[in-house]
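The values are calculated or read from the model by the stated rules, or taken from the named source; none is laboratory data. Only a predicted model underlies this, so the values are computations on that prediction, with no experimental measurement involved. Neighbour counts run over all protein chains shown; Cβ positions are idealised from the backbone, glycine included. Quick note on the areas: whole protein, heavy atoms, side chains included, nothing else; ligands and nucleic acids left out. Shrake-Rupley method; radii C 1.70, N 1.55, O 1.52, S 1.80 Å.
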Amino acid sequence: MSFRKSDGVIRMMCLGLRSGHWPSLIGAWLHFEVSFMAWLLIGALGVSIAEDFGLNSTQKGLLVACPLLGGAFLRVVVGLASDRIGAKRTGLYLLAGSIGAVVWGWLAATSYLQVLGVGLLLGVAGASFAVALPVASRAYPPAHQGLALGIAAAGNSGTVLAMVFGPRLSQLVGWHGVFGLMAVPVVLALILFWLLVLPDQPMSRTERRSSWWLELVAAMRRPSMQWLCALYGVTFGGFVGLCSVLPIFLHDQYGLDAIDGGSLTALCGLLGSLIRPFGGAVADRVGGVVVLGPVFAAIAGFMAGVAQLPPMVWAIPFLLGAIATMGFGNGVVFQVVSERFPKQIGVASGIIGAAGGFGGFLLPLWLGVLKDLSGTFRTGLYLFAAVSAAAAISVAVAVRWPRNGTSPDA
């Protein structure tokens, strides 16, 4: 029976892909894939950079968190720009900005403060999320939004490429050289995105005259927007934050070198990325809110297991399970977003994506600070498990909203 259900989901996904403009979907995925590589490049090189500058745990946490903070702030602006001047044009600007950031990391960045500056500028790569999702959403009909958004956002598998190749190339050309090499795929992505994605639809006069500020404030006042921001801060924030800091965590806690830690992080990132479209497809079929409760409960359980700091043989399955569940949850959350904000997918992607990026910024930062204060990673990991449990409780409450006759946007 389970095989039949799985076969049905796969067939539904294949039919769904044929229902829209698949070259645009490929372009959206490629934009996010390459941008994600650039966004997490400092995390992939974190062990080497930390050794060069002799950083403590707090400084290491801030090092890998800065790109996530930059991305969080820019996602709101980019989401608005995607709605108003077009997602394709905005996406080209972002890739150009990413080229500037990696060139700075290549030719300069000779101090810790300069690397932090490169990290903040790499936030333009993290803002790709608010371009890729609108491109994918507008290329597909409402019945297949979860699938299309899940595939586009599976570009966070750029984590895998960054973590696999970053530490290895660093041994050959140094971490500065890796930034220079990163410029090549970004330039290629810019060219292909320009060729593959459908032209932007011009805005009407009424839309051009509308106030972007009022649009943003109105969207942020909706309780469902605030709730989805909190949920995505756990799923995507947990995914990107944990993947960013994992090489340092594995090095400091378990003694793994940069290459082994990067390889394990890549495996975690691969699972979390590949499973995201399935999260969107399952949510299309049975309803996103119904799926979210078990997702957050599972994240809380896996992270509580990691917080025990068990032997490596147990830590690996807990980490794989946690990050895979976060990836699945990312697909589910944005299926709910596409249902509740179908005409504001750009601004919704920007606001909720910003919350996810900010959650990713907080996780490595508090892991580093609490490690310096308490002498162990256990405190910060338990805190994240508790936040995930609170998210599960919020979903249980949200499921009752329609039954009580109360709108989640009231």
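Restricting to the range 153-171, name every residue that is crowded, with 19+ Cβ neighbours inside 10 Å and not β-branched (Val, Ile, Thr).
Selection gives 153, 154, 155, 156, 157, 158, 161, 162, 163, 166, 167, 170.
Taken over the range 184-198, the criterion of being over 21 Å from the mean Cα position of the chain (by Cα) and either among the acidic types (Asp, Glu) or assigned to a helix (DSSP H, G or I) (or both) is satisfied by 184, 187, 188, 191, 192, 194, 195, 196.
Within the range 250-299, if we keep just the residues that are under 15 Å from residue 328 (Cβ atoms) and of a type in the set (Phe, Trp, Tyr), the residue that is least open to solvent (accessible area, probe 1.4 Å) turns out to be 296.
What do you reckon, is residue 354 assigned to a helix (DSSP H, G or I), more than 21 Å from residue 384 (Cα to Cα) and either within 16 Å of the chain's Cα centre (by Cα) or of a type in the set (S, T, N, Q) (or both)? Here the answer is no, as residue 354 does not meet what is asked. Residues that are of a type in the set (Gly, Ala, Ser), assigned to a helix (DSSP H, G or I), at pLDDT 85 or above and surrounded by 16 or more Cβ atoms within 10 Å (Cβ to Cβ) do not occur anywhere in the range 7-23.
Give the residue that is most open to solvent (accessible area, probe 1.4 Å), with candidates limited to residues of the range 188-211 that are at pLDDT 60 or above and under 12 Å from residue 86 (Cα atoms). So, considering only residues that are at pLDDT 60 or above and under 12 Å from residue 86 (Cα atoms), the one most open to solvent (accessible area, probe 1.4 Å) is 201.
Against the definition (farther than 13 Å from residue 347 by Cβ and within 18 Å of the chain's Cα centre (by Cα)), how does residue 63 come out, yes or no? Answer is yes for this residue. Within the range 140-149, the set of residues being of a type outside the set (Ser, Thr, Tyr) and open to solvent by 10 Å² or more (accessible area, probe 1.4 Å) comprises 141, 142, 143, 144, 145.
Restricting attention to the range 363-386, which residues are surrounded by fewer than 21 Cβ atoms within 10 Å (Cβ to Cβ) and either assigned to a helix (DSSP H, G or I) or on the phi > 0 side of the Ramachandran plot (or both)? Answer for the range 363-386, where residues must be surrounded by fewer than 21 Cβ atoms within 10 Å (Cβ to Cβ) and either assigned to a helix (DSSP H, G or I) or on the phi > 0 side of the Ramachandran plot (or both): 366, 369, 372, 373, 374, 375, 378, 379, 382, 383, 385, 386. Residue 308 fulfils the conditions (1) in contact with a Gly (Cβ under 7 Å, 6 or more places away or on another chain); (2) within 18 Å of residue 379 (Cβ to Cβ) except for a single criterion, (1).
Applying the criterion of being polar (S, T, N, Q) and surrounded by 20 or more Cβ atoms within 10 Å (Cβ to Cβ) to the residues of the range 58-90, the residue that is farthest from residue 112 (Cα to Cα) is 82.
Among the residues of the range 58-90, those identified as small (Gly, Ala, Ser) and part of a helix (DSSP H, G or I) are 61, 65, 70, 71, 72, 79, 81, 82, 87.
The conditions of being over 17 Å from residue 53 (Cβ atoms) and either within 19 Å of the chain's Cα centre (by Cα) or not hydrophobic (A, V, I, L, M, F, W, C) (or both) are met by residue 76.
Figure legend. Inter-residue proximity from the range 306-318: first residues surrounded by fewer than 19 Cβ atoms within 10 Å (Cβ to Cβ), second residues of a type in the set (Lys, Arg), beta-carbon distance below 7 Å, spacing 6+ or different chains. Indicated pairs: 309/378.
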